[in-house]
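Bear in mind these aren't lab numbers, they're just calculated from the coordinates by the rules spelled out. Everything quoted here is computed from the prediction, not taken from an experiment.
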Amino acid sequence: MPKSTDLDEPRGAKDYADRVALHRGWVVNPDSGLTQPILEGLSSQARRFGRPFCPCRDIEEGQNNQDIVCPCRYAAEDISQYGQCYCGLFLSRGKDPETVGSIPERRPDDR
Ligand code: SF4
């Protein structure tokens with residue numbers, strides 16, 4: 001698990017994303033215009049909650065949100081099916097970044 005100190009700044013979040021992508025066989029979306037707000041969001045979540053919760057989803061107070069600590073529990077299936085994670089931060093190796101868009105939410109309501 002990442003240490004929050006690694007992620008307190010977007011630069012650290014980018015390093016973290018690079019490590020995750022390398023480890024999982026994904027790539028970080030090269031579209032910095034799209035990824036910069038996501039990386040800033042991950043840093044913000046790490047500063048606020050101590051964990052890099054997905055910045056594209058709502059943190060539900062009092063709920064178990066461990067499924068959306070980045071990389072979330074749903075990323076592998078989304079990347080396998082759509083070539084991208086829900087936020088679009090991580091892509092499959094063959095995914096054209098210009099085709100990144102909105103995909104269905106895989107996270108169940110009754111987790
Ligand atoms: S969708 Fe999942 S893998 Fe993508 S940025 Fe959010 S938590 Fe990370």
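Some observations on this one:
- Counting only the Cα atoms, the stretch 1-62 fills a convex hull of 87 Å³ per residue.
- C-alpha center-to-center spacing [the stretch 31-46, the stretch 94-109] in angstrom: 16
- With viscosity 1.002 mPa s and temperature 20 °C, the Kirkwood radius over alpha carbon pairs of the chain converts through Stokes-Einstein to a diffusion coefficient of 154 µm²/s.
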